[in-house]
Amino acid sequence: MNITLGKSWGMRIISPLQKLNPSRVDAIALHHMAHPTADIYEVERWHLNQGWRAFGYNYWVDFDGTIYEGRGYQHVGAGVENQNDHIISIGFQGNYQSGLAGIATSPAMPDAQFNAGVDIINWVMERVPTIGRVAGHRDFMATACPGDTFPLAEMASRQKREDNTRKSSVKDCTNELIWRGIITDQHRWDGKGAIDENIAWLFDKYYWYILKNGGSVKRPLSVETAEKAVAILMKQGILSNNTLWINKAYDDPNVWWLLVKLSDYIN
């Protein structure tokens, strides 16, 4: 399990956070965002606009299973009003409450997000052994959160789902990308896929998409920017986290090139 640390995703701390006394912590509260697509940066903006010291949750999980550190288990969170001194809050991307006016309900929670949620719950409980309860936000105060379609009881059992989504290896995917002329350095991408779960996830999602839908190499390229590339891949359901992939593209020219070529092939 990998956790993207606060300093890695650029978490902003406006004023010093209050230390959490682990011996007092007895519960984990699970939350949804009541928004179908908001990523961690949008949620952070909401919290800072309310005058909070920083992003409110202790940890946060997005659709593709990326786990983010917020305030961690060392600092008091801002998830459950008047009870944060004994609760660690974990937020989940998506709207899992049906019937909210003008707000689409997210599809059933992806296995990647669910299993990452179980991972972070178990990881926190190993480090804070006084925790004896995993429950929804609504179990601590009057709210519908984390929603009526959130798999609360299943997640509180702390048992991961069998992952039936990955049926291809990184090598299967890179073989296909080489054959189609999308990549040229298979060794590089085999290596990146082996150490970066996000790259492996991208390959798998893309592999099954192109087997079903096909595509073609464009000369010249029809896609030139990371933003356009990510938008195309998100539109086809291959990616789910806009900011993560744009940041990865800016940090690594090879990832930028990969995203442009992948999107160009199916554009």
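Overview of values
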quantity	calculated
Computed over region 51-113, Kirkwood Rh from alpha-carbon pairs, angstrom	13.0 Å
Convex hull volume per residue for region 83-206, taking Cα atoms only, in Å³	147 Å³
Computed helical MRE - 222 nm, the chain, DSSP H runs ≥ 4 contributing -39500 (n - 2.57), nearest 500	-12000 deg cm²/dmol
Selected from I246, F203, M234, residue furthest toward positive end of dipole (region 170-266; charges at beta carbon)	M234
Longest to shortest principal axis, alpha-carbon extents of region 128-195, angstrom	55, 29, 19
Along each principal axis, Cα extent of region 34-87, largest first, Å	29, 23, 16
Relative compactness, region 209-258, computed as alpha-carbon Rg over 2.2 N^0.38 Å	1.17
Additional length obtainable on full extension of the chain from T37 to E162, 0.36 nm per residue less Cα span	42.5 nm
Share of Cα-Cα pairs in region 82-150 lying beyond 14 Å, as whole percent	65 percent
Per residue Cα convex hull volume in Å³ - calculated over region 3-156	104 Å³
Among the listed pairs K7/K228; K171/K205; K171/K228; K160/K212; K7/K235, those beyond 25 Å (Cα-Cα)	K7/K228; K171/K228; K160/K212; K7/K235
Intensity falloff of region 170-266 expressed as log10 I(q)/I(0), Debye formula with alpha-carbon point scatterers, at q = 0.11, 0.22, 0.23 Å⁻¹	-0.26, -1.22, -1.36
Charge dipole magnitude, Cβ of K and R +1, D and E -1 - the chain, Cα centre, debye nearest 20	260 debye
Stretchable slack from D26 to D190, in nm (0.36 nm times residue separation minus alpha-carbon distance)	54.7 nm
Hull volume in cubic angstrom per residue (convex hull over the Cα atoms of the chain)	136 Å³
Rounded to the nearest 20 debye, dipole of region 3-156 from Cβ charges on Lys, Arg, Asp, Glu	580 debye
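Coordinate-derived values only; no laboratory data. Small disclaimer: the values here were computed from a predicted structure and weren't measured. Neighbour counts are summed over all protein chains in view; Cβ atoms, including those assigned to glycine, are modelled from backbone coordinates with ideal geometry.
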